[in-house]
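Heads up: the structure comes next, in structure tokens.
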Amino acid sequence: MRSFARFMIAAAHKSSGKTVISTGLTAALRRAGDKVSTFKKGPDYIDPMWLGAASDAPCYNLDFNTADGDDITRLFTSRARDLSLVEANKGLFDGVQTDGRDSNAAVAKLLGLPVILVIDTTGMTRGIAPLLQGYQGFDADVNIAGVILNKVGGARHEGKLRQAVETYTDLSVVGSVWRNDRLGIGERHLGLTTPSELSERDEMIDAFAEIVGESVDLDAVRAIARTAPDMQVAQVVRPARTGRGLRIGVVRDAAFGFYYPDDLEAFEAAGATLVFIDALKDAQLPAIDGLFIGGGFPEVRMAELAANSALRENIRTSLEVGLPCYAECGGLMYLCEDLSWQGQTAPMVGLIRGRAVMHARPQGRGYARYTTREAHPWGPSGAPVKAHEFHYASIENLTPEVAFARDIQRGVGVDGHHDGVIVANTLAGFCHLRNSDQNPWVARFLSFVASCKNR
């Protein structure tokens, strides 16, 4: 057993300001000398980027869809530092399953996390009391340990809120954050703006740290975190060295940044060397044995991607002659002939004979599940694979003879029935994978890369 100081930042509903509060709180605690590890519940890439930037360490996702309780516990206990913050998604009791077994509350119970509720107090005074009473009474096994009042209108508003909380509940108000234009992260079609897109990222995080640090009692937060019960440390099994001697290129820049840190760590744990590539600036691929292109926002940077014709041509010819490649979502779009968005069209790599087209509404959103076909480059996986997708793009004008690797059981994929376009040794689809005991995709991909190299 080991003691882990830890807590969850949750809310009553989405858009309550959890990410700004969590980012500011993480940065403020780090400024004060705490080594903070951060985690995000659910399949999310953008919020963890902010938390990772604030903590100067990777932020890890805890997701019941692609991992079971043992996986989540193992990941948490192996990555936790002196003080751990877990940010919830949506509301505390929200999840896909109506019985709550995949909710934020389920994560809190699994990991023994005291919960600090961030309440958007806009238009609210005494009404905060029955809300909190309801949350406390809904599940007695969830330890709601404190409240942060958010988007408070001023001193008078704060006074009424505090009086209501103190009169009708036994919860302590550990912070009151007033409305402030400096507490904001821009949004777009996929959610919050990513840190890599903002030149003022560090200044924004500094402002979050200053305002939240002055508005929240950090000692009270630490005290709540220390009330968490001791945990059994899950044993981490060392993976087989299937990637020994392999160099895997990873396209990571302002256009492509959707990667799970523990997936990239799994490559290295398997013996592979990761070589990072900037699709906006690099003229050619480095010496690599395989290529991984994750998701992101190629549409936002499509003019710059198109302008780098040397790299686009180099990638196309390399993949056509058999360089193994795995591409997800934005990576799939980049490999198409061109990309259209907001009335503009730009040429892309051209490996996949089709056009990526951005739409005003999501074309695929949520958890996905598929089975693999015999044609899958890494071999069929047997059991259905759980994944997730979130894309505003569709792929149009695909050639009739296109080969697919996946049959969609839940979700949309490329055409509503299939996902995973196959060209030579490339697999590109809209589904995002997560490396886990149930789906060890990193080892499978590395084994495929090794077999191609040996041939």
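Mind listing whichever residues of the range 95-123 are closer than 23 Å to G17 by Cβ, in a loop (DSSP other than H, G, I, E, B) and at pLDDT 95 or above?
Answer for the range 95-123, where residues must be closer than 23 Å to G17 by Cβ, in a loop (DSSP other than H, G, I, E, B) and at pLDDT 95 or above: S103, L113, P114, T121, T122, G123.
Residue by residue through the range 386-437, note down the ones that are among the polar types (S, T, N, Q) and either assigned by TED's automatic domain parsing to the domain that holds I46 or on the phi > 0 side of the Ramachandran plot (or both).
N397
Tally up the residues in the range 240-270 that are surrounded by fewer than 16 Cβ atoms within 10 Å (Cβ to Cβ) and not acidic (D, E), please.
So the answer is 5.
With respect to V221, is the statement that it is assigned by TED's automatic domain parsing to the domain that holds F76 and either closer than 30 Å to V147 by Cβ or β-branched (V, I, T) (or both) true?
Yes.
Would you confirm whether any residue within the range 282-292 is crowded, with 21+ Cβ neighbours inside 10 Å, in contact (Cβ under 8 Å) with a residue 24 or more places away in the chain and touching a helix residue (DSSP H, G or I) at 6+ places or on another chain (Cβ under 6 Å)?
Checked against the condition, which is being crowded, with 21+ Cβ neighbours inside 10 Å, in contact (Cβ under 8 Å) with a residue 24 or more places away in the chain and touching a helix residue (DSSP H, G or I) at 6+ places or on another chain (Cβ under 6 Å), the range 282-292 yields at least one hit.
Could you please find all residues in the range 10-23 being more than 18 Å from the chain's Cα centre (by Cα) and buried (at least 24 other Cβ atoms within 10 Å of the Cβ)?
A11, S16
Would you tally the residues in the range 371-422 being at pLDDT 95 or above, surrounded by fewer than 17 Cβ atoms within 10 Å (Cβ to Cβ) and of a type in the set (V, I, T)?
2
In the list R81, R162, which residue meets the criterion of being touching a strand residue (DSSP E or B) at 6+ places or on another chain (Cβ under 7 Å), surrounded by fewer than 22 Cβ atoms within 10 Å (Cβ to Cβ) and not in a loop (DSSP other than H, G, I, E, B)?
R162
Just for the range 13-44: of the residues that are at pLDDT 95 or above and in a loop (DSSP other than H, G, I, E, B), which one is farthest from L117 (Cα to Cα)?
G33
The conditions are (1) at pLDDT 95 or above; (2) in contact with a strand residue (DSSP E or B) (Cβ under 9 Å, 6 or more places away or on another chain); (3) assigned by TED's automatic domain parsing to the domain that holds S84, and F258 fails exactly one of them. Which is it?
Among (1) at pLDDT 95 or above; (2) in contact with a strand residue (DSSP E or B) (Cβ under 9 Å, 6 or more places away or on another chain); (3) assigned by TED's automatic domain parsing to the domain that holds S84, the lone unmet condition for F258 is (3).
Can you name the condition, by its number, that V237 falls short on among (1) among the aliphatic types (A, V, I, L, M); (2) outside the structural domain of V142 (by TED's automatic domain parsing); (3) modelled with pLDDT of 95 or more?
Condition (3) is where V237 drops out.
Which of the residues belonging to the range 45-71 are in contact with a strand residue (DSSP E or B) (Cβ under 6 Å, 6 or more places away or on another chain), hydrophobic (A, V, I, L, M, F, W, C) and either on the phi > 0 side of the Ramachandran plot or at pLDDT 95 or above (or both)?
Listed by number, the residues that qualify are L51, C59, L62.
The values are calculated or read from the model by the stated rules, or taken from the named source; none is laboratory data. Being a predicted model, the structure only gives us computed values, none of them experimental. Virtual Cβ from ideal backbone geometry, glycine too; neighbours counted across all protein chains shown.
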